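The values are calculated or read from the model by the stated rules, or taken from the named source; none is laboratory data. Quick caveat: nothing in here was measured; it's all calculated off a predicted structure. Counting neighbours? That spans all protein chains shown, and the Cβs are built from the backbone with ideal geometry, glycine included.
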Amino acid sequence: MQFIAYGTLRPGHGNSALWTGYEGASSQPVTIPNVALLGRSIPFARVEHGAVSIGDLITVPPEYDFDCLRRLDNLENHPYMYVRVPWPCVTADGTTVVAWMYLDAELDPWARDPVPNNDWGAQALARRLEVSHARSHTG
């Protein structure tokens, strides 16, 4: 089973433990066409023609499919907060792969702030560095 991670499920981020514990699970960087990322503390993916977002293609061995999807659907509060859909992504070598991805279930176009450069991982790192810098200069 494969799914696209663009936020907290990406390798090294807070919810990656939901899939990294499966023996044989792997990830590779991808771009996600026609998707824009919105939100500050957690990202939401929205369909936006022409946009390109940054993420990872996660591959989980077939024997873990059911358990992994159950965990992901629970985390993403599918289908109320996010909806799970098949979506194309493009690997570094140009191969297009269709995998599960969670899109924002919120229909209000003004409900979320845009993520700079559609790269939530870079935004999260910048936020952590900003907090660390602020802590080191207080007291």
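Overview of results
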{"read-out": "Boolean, ASP56 is in contact with a strand residue (DSSP E or B) (Cβ under 7 Å, 6 or more places away or on another chain), exposed (fewer than 12 other Cβ atoms within 10 Å of the Cβ) and among the charged types (D, E, K, R)", "value": "no"}
{"read-out": "Subset of the range 41-75 (residues that are at pLDDT 95 or above and assigned to a loop (DSSP other than H, G, I, E, B))", "value": "VAL60, PRO61"}
{"read-out": "Neighbours by Cβ (under 6 Å, 6+ apart or cross-chain): first from the range 64-93, under 22 Å from GLY14 (Cβ atoms); second crowded, with 17+ Cβ neighbours inside 10 Å and of a type in the set (Val, Ile, Thr)", "value": "CYS68/VAL60; CYS89/ILE4; CYS89/VAL30; CYS89/ILE32"}
{"read-out": "Positions within the range 5-32 being of a type in the set (A, V, I, L, M) and either under 14 Å from ASP119 (Cβ atoms) or surrounded by fewer than 22 Cβ atoms within 10 Å (Cβ to Cβ) (or both), in sequence order", "value": "ALA5, ALA17, LEU18, ALA25, VAL30, ILE32"}
{"read-out": "Positions within the range 20-40 being among the hydrophobic types (A, V, I, L, M, F, W, C), modelled with pLDDT of 95 or more and over 19 Å from ASP93 (Cβ atoms), in sequence order", "value": "ALA25, VAL35"}
{"read-out": "Candidates VAL98, VAL35 - the one that is touching a residue at least 12 places away in the same chain (Cβ under 8 Å) and either more than 19 Å from ASP119 (Cα to Cα) or in a loop (DSSP other than H, G, I, E, B) (or both)", "value": "VAL98"}
{"read-out": "Filter result (more than 20 Å from THR20 (Cβ to Cβ) and in contact with a strand residue (DSSP E or B) (Cβ under 7 Å, 6 or more places away or on another chain)) within the range 61-81", "value": "HIS78"}
